[in-house]
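What follows is a short report on a single structure.
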């Protein structure tokens, strides 16, 4: 077998293993149905928040890059779990957004997220509950 076939097969197996590991992590962190409904209601404000945070020059470059990659992932039509799968199809996006927001708060502080939040105070309280930002 040619070396390029072996490389191609190895890369395919590596991608499959990474995808499986991410799928298992998403299943383990799966939110409850009530949390998922609340997260879906916050989605428009959340997208605006991510965009504003990614464009804020006061935030560290690593945080802005991470947020930009998250926005690109959300815009990309192919997901880790296809959206036609009930509950889990949209849950992977919510879980990834939660992880990135927690990371952003650890690096930039809760004040940065609060400053850029475009929604209501109740919406921010719901976001804090869902992501554990206030802990």
> Which residue, of 74, 67, 130, 101, is assigned to a helix (DSSP H, G or I), surrounded by 12 or more Cβ atoms within 10 Å (Cβ to Cβ), in contact with a helix residue (DSSP H, G or I) (Cβ under 7 Å, 6 or more places away or on another chain) and modelled with pLDDT of 85 or more?
Replying inline: 67
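Can you tell me which residue in the stretch 80-95 is modelled with the lowest pLDDT, limited to those that are surrounded by 19 or more Cβ atoms within 10 Å (Cβ to Cβ) and part of a helix (DSSP H, G or I)? Even if it seems obvious, please write down each step before you answer.
Initially, the stretch 80-95 is screened for residues surrounded by 19 or more Cβ atoms within 10 Å (Cβ to Cβ), giving 81, 91-95.
Filter once more, so that each one left must be part of a helix (DSSP H, G or I): 91-95.
Working: 91: 72, 92: 75, 93: 78, 94: 75, 95: 78.
The extreme case among them is 91.
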> Does residue 34 qualify as being loosely packed, with under 10 Cβ neighbours inside 10 Å, modelled with pLDDT under 85 and either in a helix (DSSP H, G or I) or under 14 Å from the mean Cα position of the chain (by Cα) (or both)?
Replying inline: yes
>> Exactly one condition in (1) in a loop (DSSP other than H, G, I, E, B); (2) over 27 Å from residue 107 (Cβ atoms); (3) modelled with pLDDT of 80 or more is false for residue 1; which is it?
In response: (3)
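In the list 82, 86, 77, 57, which residue meets the criterion of being within 20 Å of residue 118 (Cβ to Cβ) and free of Cβ contacts under 8 Å to residues at least 24 places away in the same chain? Before the answer, list the steps.
Numbers: 82 fails: within 20 Å of residue 118 (Cβ to Cβ); 86 fails: within 20 Å of residue 118 (Cβ to Cβ); 77 fails: within 20 Å of residue 118 (Cβ to Cβ).
Answer to the selection: 57.
The values are calculated or read from the model by the stated rules, or taken from the named source; none is laboratory data. This structure is a prediction, so every number in the text was calculated from the model and none was measured. Cβ sites come from the backbone with ideal geometry, for glycine too, and all protein chains shown count toward neighbours.
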